[in-house]
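Participant: Have a look at this one before I ask anything.
Each value in this text was obtained by applying a stated rule to the coordinates, not by laboratory testing. Bear in mind the structure is a predicted one, so any value in this text is a computation, not a measurement. In this analysis, Cβ positions are derived from the backbone assuming ideal geometry, glycine residues included, and neighbour counts consider all displayed protein chains.
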Amino acid sequence: ENPGRILVGAHYGIPFGFGGHSMYAWASGDGGRTWTGQRIPAPRFDGELAADVVVSFARAGALYTFLFADSTKVKGGGIAVARSTDGGQSFPPAIQVVPGDSAHGASDKEWIAVDRSPASPFQHSVYLTWSYKDFAHRVNGLIPSDVSLAVSRDGGATFSPSRRIADDGSFAQIG
């Protein structure tokens, strides 16, 4: 591991008072003396809305960013991942992990953790949690929200199908 590695992610261009039009990532391998940055295209509806950028490190210099990528400006948000395998010098276009659902609600408030423990049988696994807000089925005026999890055992190339882990929750974090 390089203790001088830093990864920063942000959304840019606020279209509706929240989120941004695009996601950017900047990486430094020398403790912040120099930086490389780039825009990361969303897999669908690029340039419409990107928000809630979350970053993490994994093995062999891989860097991850997750974003909420919206399809209908308010509802329909899915979650995508971009993975750099060269220490952040480049990020290929993001891939869809959780598809959007414009008919009912949106996946939102994603969080990431990477198992870096050498003693763990799941070392290098990537864990993604998020809230799903069901706008179409309000209860007493409240928007139901559950918490789901997807896991990658191949360094973020693919993820398991999502699994609901809580029926009521929001702003899930994992560590």
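Participant: Obtain the nm distance between the two label points defined at ASP154 and ALA119 by a simple spin-label model: each point lies 7 Å from its Cα along the Cα-to-C-beta direction.
Facilitator: With each label point 7 Å from Cα toward Cβ, the separation is 3.1 nm.
Participant: Amide H of ALA42: which non-local residues (sequence gap of 5 or more, or other chain) have their own amide H closer than 5 Å, using H built in the peptide plane?
Facilitator: GLY47
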